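Novice: Please see the structure below; I have some questions.
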Amino acid sequence: MTIRPLTPEDADALALLFGGLSEHDVTVLREDVTDPASAARLAQEPGMRWIDINEDGRIDGYAAMTRLPGWSDHVGELRLVVDSKDRGAGVGRRLVQHALREGFRAGLSKVVIELATDEDRVLDMFGSLGFTGEALLRDHIRDRDGRLRDLIVLAHHAQAGLENLDVVGLTDELTNGA
């Protein structure tokens, strides 16, 4: 599998990834990814956006890091989408590690992600990567059936400790002189 920047030529493959998402998945995404035009728009936008491509050329996952504006310009907001067939195989973990590494290199000192609280496996993965809870917003998400769900904001703070550098894969790069 290869992680690389998203390009405009990836729009159709990204639309296929988004088109395969379940109703549950679509509910917890802020953008309406059910419209193929949204994939084309994301592929055209500048910024930190990456895809994980398998040997068949199919996109297994998508990650985006958006620098917040103004007084929060040291903070990046992370978005992650992984094909349901590839969940549990390390695709999300690799994309998050890559996004953190690139975000910290770009000068971010904090990265946040918003998740539904009923996503136990996803919450566990982010916790294992050094994210911690910062806020719980009750009844903040309304799903397509009108049910309200809680939202949790997790954060990862860039620190100089080797423990945190190892989580995002920088320890090897530093010790190998990269």
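Novice: The list [x] 19.0; [y] 16.9; [z] 17.7 gives values of Kirkwood radius over Cα pairs in Å, and only one came from this structure; which label was calculated from it?
Specialist: Calculated Kirkwood radius over Cα pairs in Å: the matching label is [y].
Novice: Next up: Using Cα centres only, tell me the gap between segment 1-70 and segment 102-145 in whole Å.
Specialist: Segment 1-70 and segment 102-145 have Cα centres spaced 18 Å from each other.
Novice: Of SER72, ALA13, VAL111, which is farthest along the charge dipole of segment 2-175 in the positive direction, counting Lys and Arg as +1 and Asp and Glu as -1 at C-beta?
Specialist: The one lying farthest along the dipole's positive direction is SER72.
Novice: With runs of 4+ DSSP H residues as the only contributors, calculate the mean residue ellipticity of the chain at 222 nm using -39,500 (n - 2.57) per run, divided by the residue total and rounded to the nearest 500.
Specialist: -9000 deg cm²/dmol
Novice: Rank-order 55-67, 145-157 by packing density, defined as the average count of other C-beta atoms within 10 Å over each peptide's residues, highest first.
Specialist: 55-67, 145-157
Each value in this text was obtained by applying a stated rule to the coordinates, not by laboratory testing. These numbers come from a predicted model, not from an experiment. In this analysis, Cβ positions are derived from the backbone assuming ideal geometry, glycine residues included, and neighbour counts consider all displayed protein chains.
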